[in-house]
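A short reminder: the numbers here are calculations on the coordinates, not readings from a lab. What you are looking at is a predicted structure, and each value in this text was computed from that prediction instead of being measured. In this analysis, Cβ positions are derived from the backbone assuming ideal geometry, glycine residues included, and neighbour counts consider all displayed protein chains.
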Amino acid sequence: KGRKVTVTVPKLGAKRRLLELVKKNIEALHLRDEARSLDLQEALGLDTPPSVIECFDISHISGTLVVGSMIRFANGRPDKKNYRRYRIREAMGIDDPAAIAEVVRRRYRRLKAEEASLPDLILVDGGKTQLSAAMTELRSLQLNIPVFALAKKKEEVYAPGRAHPLILGRKEKSSLYLQEIRDE
């Protein structure tokens, strides 16, 4: 600057509180995504924190115009350029499990054929039957990717091999993260 500069670090008072708030906001902004992945790893009992998560949902109008959608989160944020929409060809009428099976089969058969990278976690919008349909397709493709289902009404998380849903508090960070992904 061309002259003497003094740097002060506030120890007390309003300026100290302001500095602490700045520090807290920086940590929340930059470390939030890593913390959410670690929370999710612990809540779901995963071996590693999931950095790439793909979520599937089925939509229709009274059993017609059935479409599947897949959204992708990478490093805790929506990866919109990798979103996909699928026109359902095989499942007829209101059959969400069959539609989920078709979309999962088409998505991962293609990724496997292209030797593309696979997600760390798959989330399916629905309950036990949708989870079972997705698991069946992944097994037939000989892929070992963790899959969970999230039911809308009570925000229940279904895991493979468990008769009852996992108990996650509705306001728990991991549950809120799953809801955010599903709602996207």
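Per the Kirkwood treatment, what hydrodynamic radius in Å, one decimal, follows for region 106-166 from the mean inverse distance over all distinct Cα pairs?
Values: mean 1/r = 0.0825 Å⁻¹.
It works out to 12.1 Å.
Please report, to two decimal places, log10 I(q)/I(0) for the chain at q = 0.09, 0.14, 0.19 Å⁻¹ as given by the Debye formula with identical point scatterers on the Cα atoms and no solvent.
-0.40, -0.78, -1.32
Using amide H atoms built 1.01 Å from N in the peptide plane, name the residues 5+ places from Glu156, or on other chains, whose amide H lies under 5 Å from its own.
For Glu156, the qualifying residues are Ala151.
What is the set of long-range amide H partners of Val124 at a cut-off below 5 Å, with H atoms built 1.01 Å from backbone N?
Close amide H contacts, sequence-distant or interchain: Phe56, Phe148, Ala149, Leu150.
Roughly how tilted is helix 96-114, in degrees to the nearest 10 and between 0 and 90, from the longest Cα axis of the chain?
Approximately 70 degrees, to the nearest 10.
Quick one: helix 13-44 against the long Cα principal axis of the chain, what's the angle to the nearest 10°, folded into 0 to 90?
20 degrees
Compute the acute angle (0 to 90°) between the alpha-carbon long axis of helix 173-183 and the principal axis of greatest extent of the alpha-carbon atoms of the chain; round to the nearest 10°.
50 degrees
When each pair of different Cα atoms in region 35-115 is counted once in the 1/r mean, what is the Kirkwood radius in angstroms, to one decimal?
Hydrodynamic radius (Kirkwood, Cα pairs) of region 35-115 is 14.1 Å.
Take the cross-link list Lys1/Lys24; Lys80/Lys153; Lys23/Lys80; Lys128/Lys171; Lys4/Lys24; Lys81/Lys112 and give me the ones stretching past 28 Å between alpha-carbons.
Lys1/Lys24; Lys23/Lys80; Lys4/Lys24
Highest GNM mean-square fluctuation, the chain, Cα pairs closer than 10 Å: which of Leu12, Leu38, Leu121?
Leu12
Nearest 20 debye, what's the magnitude of the dipole of region 87-184 about its Cα centre given +1 on Lys and Arg Cβ and -1 on Asp and Glu Cβ?
The calculation lands at about 140 debye.
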